[in-house]
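Read the structure below first, then the notes.
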Amino acid sequence: MWIDFLYYRLHPFTLRELSATPVEPPSAAISDTPPRLEFRDAAAELTHLLKFGGFPEPCLAGTERTLRRWQRQRFERVFREDIRDVELGGTFLSP
């Protein structure tokens, strides 16, 4: 059985987005809301952004374990796609 996953292209959060006041979810019944990031000052926000990056999963989790897992999966996915493109005569090799 083959399961195909769709990957979305996510752009990293910016410092301004992380500094914004969080908005409450429309319903209290929603349990999948991301955790809130509460910082006291811009220096703490910048430190967090530089340490965990701006991509949602590692940034919102804020743990080294999640960051390492995300980095490993991202590297493997990009590497696998590059190898596939080379094997298929990908567009980046054409003149």
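Computed from the coordinates by the stated procedures, all read-outs in this text should not be read as laboratory data. All values reported here derive from a predicted model rather than from experimental measurement. Because the Cβ atoms are built from the backbone with ideal geometry, glycine has one as well, and the counts that use them run over all protein chains shown.
Taking the stretch 42-68 as the region of interest, how many residues are in a helix (DSSP H, G or I) and over 11 Å from the mean Cα position of the chain (by Cα)?
The first filter runs over the stretch 42-68 and keeps only residues in a helix (DSSP H, G or I), leaving 42-52, 56-61, 64-68.
If we keep only those that are over 11 Å from the mean Cα position of the chain (by Cα) too, we end up with 42-51, 64-65, 68.
Summing the residues that are in a helix (DSSP H, G or I) and over 11 Å from the mean Cα position of the chain (by Cα) in the stretch 42-68 gives 13.
Only residues that are touching a residue at least 40 places away in the same chain (Cβ under 8 Å) and crowded, with 16+ Cβ neighbours inside 10 Å were counted in the stretch 49-67, giving 4.
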